1. Given the criterion buried (at least 23 other Cβ atoms within 10 Å of the Cβ), within 16 Å of the ligand (Cβ to nearest atom) and either under 30 Å from Lys491 (Cα atoms) or not hydrophobic (A, V, I, L, M, F, W, C) (or both), identify the matching residue among Asn332, Asn296.
2. Look at Arg611 and say whether it is among the charged types (D, E, K, R) and buried (at least 21 other Cβ atoms within 10 Å of the Cβ).
3. Restricting the search to the range 328-337, which residues are part of a loop (DSSP other than H, G, I, E, B) and either of a type in the set (A, V, I, L, M, F, W, C) or at pLDDT below 95 (or both)?
4. Asp94 versus (1) touching a strand residue (DSSP E or B) at 6+ places or on another chain (Cβ under 8 Å); (2) assigned to a loop (DSSP other than H, G, I, E, B): which is the lone unmet condition?
5. For the condition open to solvent by 10 Å² or more (accessible area, probe 1.4 Å), at pLDDT below 95 and either of a type in the set (Gly, Ala, Ser) or closer than 30 Å to Ala684 by Cα (or both), what is the one hit in Gly644, Gly633?
6. Given the criterion more than 16 Å from the ligand (Cβ to nearest atom), under 30 Å from Ile250 (Cβ atoms) and of a type outside the set (Val, Ile, Thr), identify the matching residue among Leu446, Leu404, Leu421.
7. Considering the range 411-439 alone, what residues qualify as being open to solvent by 20 Å² or more (accessible area, probe 1.4 Å) and among the small types (Gly, Ala, Ser)?
Amino acid sequence: MIYINNNKEFHLTNGMISYICRVEEKTGVLEQLYFGSAIPHQPTFDYLIEREIRPSNNFKKEDHTSSLEHIKQEMPMYGTTDFRYPAVEVQYPDGDAISHFNYSNYRISNKKRKIPNLPTSFYDEAEAETLTIVLKDRYSSLTIEMDYTIFKDFPIISRQNHIVHHDDCRYQLMRFMSMSLDLPIDDCDWLHLDGAWARETQVKRDKLHSGLQQISSTRGASSHIHNPFFAICEKSATEFQGDVYAFSLIYSGNFVGQIEVDTYRISRVQMGINPYQFSWQLEKGDVFSSPEVIMNYAQNGFNEMSRNFHAFFKKHLIRQKWASKERPVLINNWEATYFNFDESKILALAQEAANLGIELFVLDDGWFGHRDNDASSLGNWQVDKRKLPHGIRSLSQKIHEKGLKFGLWFEPEMVSMDTPLYQAHPDWIVGHPQKNISHGRNQYVLDFSQNCVIDCIFEQMDAVLKACEIDYVKWDMNRYISEAYSVSLGKQRQGEFFHRYILGVYALYEKLLAKYPDLLIESCAGGGGRFDPALLYYAPQTWTSDDTDAIERLKIQYGASMVYPLSAIGSHVSEVPNHQVARMTSLKMRSDVALFGTFGYELDVTKLSQREKSQVKNQIILFKKHRTLLHTGTFFRLQSPFNGNVCAWMVVSENQTEALIGYYQILAEPNPPYQRLRLKGLNADFDYTIWEKEQVRTGKDLMAVGLIFGENYIDRASDFWQRQMAGDFSSKLIYLTRNKMQG
Ligand code: GLA
């Protein structure tokens, strides 16, 4: 998959994509030539070099084509003739930041480099190859190793950079991007996922403008505000057509994703650790590795982009034990009880849940210390005997006896003021001891850049996990870091805090999973405040949002599906009026939306009427029937809730013999226009039975013509026109199977 011409041109290709770069002779830098759909290998790619003599630039002596301002690069740096944002910036002992990283050598390997406590994609030797290009600094002994991994079955290249320190000087790394790609396009749009608490992953599409545009986080977590993902696409690109270049960073901390459109219509795309508030001291023997970024090229629009991400993450990122494993139907007591519960309430909920067919009971916040509200007890992971007099172990046993698995909520990174931990270790709290330290949700952040803090929390969690049978952990994180400072880091290293913090979070995940490899972990950060690929590496599902309203969830889940597979998208049926927006929706609508995710319930099932209970029972039977399809099939977004009144999506099994379609109408319309929904991903030659309509139609027909929804007004019944759609907030599920008669 990796071709090298004359030791100076590198072509990575797998029949789907090509990525080509070369060593530029005059400057020694690595020059970017092409990234896009596969092109045949050639003995030379010289013909892709673009050079113009341009006035008013800085050049090497007696040369008019060596201005790096006009050369597309792979590792731009400060102190050359390029004025755009660099990918690497080092502060040298003299205080300057002038670098010149020249090509030195390369190597190829089919083994993945493993970096302790930094999640990256993984692969078997036959599935991918990595080209490592080594650059050497002209002014120091620093080297940069640039890993380009090409995967056999995906139009994806992953990128990761490592800077290696070899001498006795002390350097300060100020900026070190995971990738930098100069694309010769600018007449494009870019798409990203923005939001806030309770309205995460909202799809935003903007026109690229000249200059800098970026998404980022400075909050210590990837954040609700921007997901660490963006895509550049042709202006005409849609869900099903057009070139899309998409980038997803395997990182949960402060990140930046940016596009700098220059005056020569080059778009410099960069992604990596946010250089704001970042620096890293390099000492002899140190290697600093950037997080990995996944570069995904899709020729046929955003659906193809998403399918690439979903399949890639399942095969090469999510723990294999869970990647394609169906997720249990869970019940979570949070919206049912909040902090106000006792053992008998929990057991009553669990009993009813078991009767309904639920498989996992999750005890959420409030089981430890004396946490009756959010101002107390984080960091004191001892059971609250007032609420659970027989302890967690006994509760877990009783719940298992009912035939349910048992899960428990933790917020490991946080501490409340009223705990022994907070009192004994003020030096374990993030913040400057002489300056203001803000609380968020009445809590403080533990300094996970210190190993002793991680060890203490691990011991507390371990004490609970080893004493009780616990199948699932919900790992929450409910505030951002606003006054970053660690007393343990000294004066020179405060710029390292944010990265060290998130490495500490990964270290605790590693420790827990090393001891409890079967644990299913769901990550959460006040909903989707840390929904990113790095956490998926450890926690195969994420609580997508604290907003459980079915209508809001259409947008949130539609947006999340841009990057993340359905098996990662935590989704629950909750009560009405909805606790976040007070909206009334039917139990059917709520379940039809939650079905396209991990699926669970978050309401007091003991309070349901008999009719509702039997409805819930049937919903669970339905989910279980389709669970394999939903969690292992191929997902297609058909109609966007961001564009109108209807949202639709579907899942098709890998062998195309069955499909499930979710169709959602937000508001009822009087005398509405005709509606057709063209399906995707079916086999054109198969006959499919549409169970809800008792119709048989070919795949070709269903994809070309579509399903026809003409049933709004079906008859004149008494004084009003009888409707089949249930009015506002209504939904339909449509199930297709390949007609067996066809053989
Ligand atoms: C966060 C989570 C919720 C719930 C509460 C508990 O907000 O997103 O699901 O666990 O914390 O305090």
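1. Details: Asn296 fails: within 16 Å of the ligand (Cβ to nearest atom).
Just one listed residue meets the conditions, Asn332.
2. no
3. Filtering the range 328-337 for residues part of a loop (DSSP other than H, G, I, E, B) gives 328-329, 333.
The one that is part of a loop (DSSP other than H, G, I, E, B) and either of a type in the set (A, V, I, L, M, F, W, C) or at pLDDT below 95 (or both): Val329.
4. Looking at each condition in turn, Asp94 falls short on (1).
5. Numbers: Gly633 fails: at pLDDT below 95.
Only one candidate qualifies: Gly644.
6. Details: Leu404 fails: under 30 Å from Ile250 (Cβ atoms); Leu421 fails: under 30 Å from Ile250 (Cβ atoms).
Just a single option satisfies the conditions, and that option is Leu446.
7. Ala424, Ser438
Residue-by-condition table, conditions (1) assigned to a loop (DSSP other than H, G, I, E, B); (2) closer than 21 Å to Val505 by Cβ; (3) away from the ligand (no atom under 15 Å from the Cβ):
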| residue | (1), (2), (3) |
| --- | --- |
| Phe339 | yes, no, no |
| Gln351 | no, no, yes |
| Asn355 | no, no, yes |
| Phe361 | no, no, no |
| Gly366 | yes, no, no |
| Trp381 | yes, yes, no |
| Arg386 | yes, no, yes |
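The values are calculated or read from the model by the stated rules, or taken from the named source; none is laboratory data. For clarity, every value in this text was computed on a predicted model and none was experimentally measured. So basically every Cβ, Gly included, is an ideal-geometry build from the backbone, and we count neighbours across all protein chains shown. For the accessible areas, the whole protein counts, side chains as well, though only heavy atoms, and no ligand, DNA or RNA atoms are used. Shrake-Rupley method; radii C 1.70, N 1.55, O 1.52, S 1.80 Å.
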